[in-house]
1. Given THR61, THR80, which one is under 30 Å from GLY702 (Cβ atoms) and open to solvent by 40 Å² or more (accessible area, probe 1.4 Å)?
2. Test ASN215 against the stated conditions and say whether it is modelled with pLDDT under 95 and under 26 Å from PRO520 (Cα atoms).
3. Take the residues in the stretch 222-248 that are in contact (Cβ under 8 Å) with a residue 60 or more places away in the chain and of a type in the set (S, T, N, Q), then tell me which one is nearest to ASN103 (Cα to Cα).
4. Do the conditions hold for VAL206, that is, is it modelled with pLDDT of 95 or more, buried (at least 24 other Cβ atoms within 10 Å of the Cβ) and not in a strand (DSSP E or B)?
5. Of all residues being of a type in the set (S, T, N, Q) and open to solvent by less than 40 Å² (accessible area, probe 1.4 Å) in the stretch 343-370, which is farthest from PHE648 (Cα to Cα)? Just the residue, please.
6. Only one of these is farther than 23 Å from ILE614 by Cα and among the hydrophobic types (A, V, I, L, M, F, W, C): ALA718, ALA653, ALA645. Name it.
7. If you take the residues of the stretch 269-296 that are surrounded by fewer than 24 Cβ atoms within 10 Å (Cβ to Cβ) and of a type in the set (D, E, K, R), which of them is nearest to GLY212 (Cα to Cα)?
8. Please go through the stretch 469-509 and give me each residue that is among the hydroxyl-bearing types (Ser, Thr, Tyr), in a helix (DSSP H, G or I) and surrounded by fewer than 23 Cβ atoms within 10 Å (Cβ to Cβ), ordered by number.
Amino acid sequence: MKTSRRFASKYLLRQQALLGLTPLLLALGACSSNDDPAPEPPPPPAPVVNMLPTFVAGTVTQASYDGSSDDLLTAGLGKTGLLGAAPAFAVPATPTVAELRRNAIYNNYRALIDYTVVGGFTRLYGPNIDTTGADTLGEGKVKGTEYIAVADDGTGSQNVVLMVQVPSNFDAKNPCIVTATSSGSRGVYGAIGTAGEWGLKRGCAVAYADKGSGNGLHDLSSDNVIQIDGTIATATVAGKKAHFNAGLSEAERLGYIAAFPNRVAYKHAHSQQNPEKDWGRDTLRAVKLAFYVLNEKYGTDIAAQPGKKEVVITPANTIVIASSVSNGGGAALAAAEQDTESLIDGVAVTEPMAQPGANTGLTIKQGAAGAVATHSKPLVDYFSFANIYQPCAAVSAQAGLSVSAAFWPAAYTANAQNRCAALKTRGLLTGATLADQADEALAKMNAYGWQAENNFLQQSHFRFATNSIAVNYVNSYGKFKPSENVCGFSYAATSAAGDVVAQNPVIQAGLFSSGNGVPPTSGVNIVFNDSVGGAKLDFLATSAGSGLADFALDGALCMRSLVTGKDAVSGASLFGVQKSQSDRVIKGMGEVQLTAKLRALPTIIVAGRSDTLIPVNHAARAYYGKNQVLEAATSKTRYYEVTNAQHFDTFIAFGALLGYDSRFVPLHVYFGRAMDQMWAHLKNGVALPASQVVHTTPRAAGVNVTLANVPVWAPSPAASDAIGFAAGVLTIPE
């Protein structure tokens, strides 16, 4: 039974009321005649029939795994397989559904954690580590049953994939559910190694959702799509089983590829649904699906209704923790805000992509420094800003330019320098020398919400993420078709020289397993159609406005203009097509802003101070601060900020290539602790420690991470570590 939520108080009130009536009932009984007939007992309540949720399109499929040859957590690979190379497909051009699932689990597991032993995998965390932190689970395989369903309105245009994993040791007398909404734009297995692992180890059912993104590719030239099960088929054959169909008429599709050959569309960018606005709904739907499958499995048979089950597992007797990381963490917060049915008991998330909306009532201060100049900006606002200045900032001496040619070839350094020069020409920088311009660009980044702790990461994040996120979310928020080529960008495979080429069918066949849902990924890159001389890979594109290979600055300025509603260079109001497109983007941005109203729901938010992808001043700090502004008197939200931690634990595994390993600790350790803390609170009433900064110690390169590097947060933080809030000011210690 739950011990620390609304149901306990309701039960106590009811019992107290009954106890208060006892003397009166006894007195009435003494006055009654023995000849009076005994009252008829009330009829038993009708059983509540378990019903398939109406949002499920079609049937719920299920598969059982023996925990040896195959399993829920590692797809039969175990810790040893997860440490090794990716398994090969028997026939690479036509992988089986089982092979695609296996490799999807392998790739998604390793995508969110430092998967090296020296970094902590299999020692501090991993499938072999039990709930006490001991290495007792062997290969860490989990026996159980996996259920998959699709939420849709009947058209096949949404096809949000939901999944519930029920381990064999699930205890129907002490039920628990953990949400594991995918991070980033990943598919339904996107949180398998984070919330999935934690929940399965606890014997909880895990409720997953791909939140309407995932690896939904539509190859517009071949008309191939990826189906829900991961296999490839033509759009005609797949029909409503397509993970995503771009929705172009045949005439539109053929006309588009005649002008722009070999282009592809992607679900998150081109579904025309703005799926982010529904991430909270999708997470709640996953919870509802979990209750359905649990009651089908454990509910009692209803004699009067053959084939029907009585609901025995309910929100009142089940602990439900909304969880996940990054975008999945933001989805958990959105679900908590939208939970009008009291499904969720607590929230525990790390590095959440949380957009708190207008936040003028908040001031953020760190240490003795003055107030943070810019905070609480929408995601695509700060990404479109970074997409202009970050490549120039990356060559600042203060940012520590990487020397790894495999990661950042000389051509990229030249293009970054060209970006600085082009920004100077357009009046967006004023520095006289390259060094001055780079330092100025970095200063602009720092003034826009990034901190000194982020400077080293600017280069790697531009290399891997920034333009990708900007292009994806501008398209998504504006609900654009792929054929609209917003700001001159499209998706396609490219050659070594950056020219558009046809998709590789073998790579495409495995994309369900290898893709991350947002190009560049697995043979799909970002192309700048308007490059001088013809379409080119964005990183090798030449802008007409500068005549330089400058990472497609023209396109970056266009996207910034659509986000702000003003010309990014002149500041003038937009007009014509650009104004219309901007209106669409701004409307979509407004649809996804959160409220930060959690109504005293126990909540833990953990973030790394060095997070450069989702800067804390725009997300974790901003969301927590707004929650305090709105609900300080009743809030049960805690914020733990971890020093020397950032967004991409998997980049730590790259070692000397990126230099993360000697600078950053794995934030994933703190994800597990946040979940443990919330579990102890909901299960046993253990108080949540006050908000605080956790000071970590990076290791030397090549040296094992130990618990000394990643200390636990304090039950009662010292004054020098305590995060404070008063009169609208959020104070973060150094």
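The values are calculated or read from the model by the stated rules, or taken from the named source; none is laboratory data. All of these numbers come straight from a predicted model, not from anything done at the bench. Please note: Cβ atoms are built from the backbone with ideal geometry, for glycine as well, and neighbour counts cover all protein chains shown. Areas reflect the complete protein model, heavy atoms only, side chains present, ligands, DNA and RNA absent. Shrake-Rupley method; radii C 1.70, N 1.55, O 1.52, S 1.80 Å.
1. Numbers: THR61 fails: under 30 Å from GLY702 (Cβ atoms).
THR80 is the lone residue from the list that is under 30 Å from GLY702 (Cβ atoms) and open to solvent by 40 Å² or more (accessible area, probe 1.4 Å).
2. Values: modelled with pLDDT under 95: yes; under 26 Å from PRO520 (Cα atoms): yes.
In short, yes.
3. Residue satisfying both the conditions and the ranking: THR231.
4. Values: modelled with pLDDT of 95 or more: yes; buried (at least 24 other Cβ atoms within 10 Å of the Cβ): yes; not in a strand (DSSP E or B): no.
Considered against the rule, which asks whether it is modelled with pLDDT of 95 or more, buried (at least 24 other Cβ atoms within 10 Å of the Cβ) and not in a strand (DSSP E or B), VAL206 comes out as no.
5. So the residue we want is ASN359.
6. On the way: ALA653 fails: farther than 23 Å from ILE614 by Cα; ALA645 fails: farther than 23 Å from ILE614 by Cα.
Of the residues listed, the single one that is farther than 23 Å from ILE614 by Cα and among the hydrophobic types (A, V, I, L, M, F, W, C) is ALA718.
7. Only one residue fits best here, namely ASP278.
8. Step one: of the stretch 469-509, the residues among the hydroxyl-bearing types (Ser, Thr, Tyr) are 473, 476-477, 483, 490-491, 494-495.
Subset that is in a helix (DSSP H, G or I): 473, 476-477, 483.
Once the filter is applied, which keeps residues that are among the hydroxyl-bearing types (Ser, Thr, Tyr), in a helix (DSSP H, G or I) and surrounded by fewer than 23 Cβ atoms within 10 Å (Cβ to Cβ), the stretch 469-509 yields only SER483.
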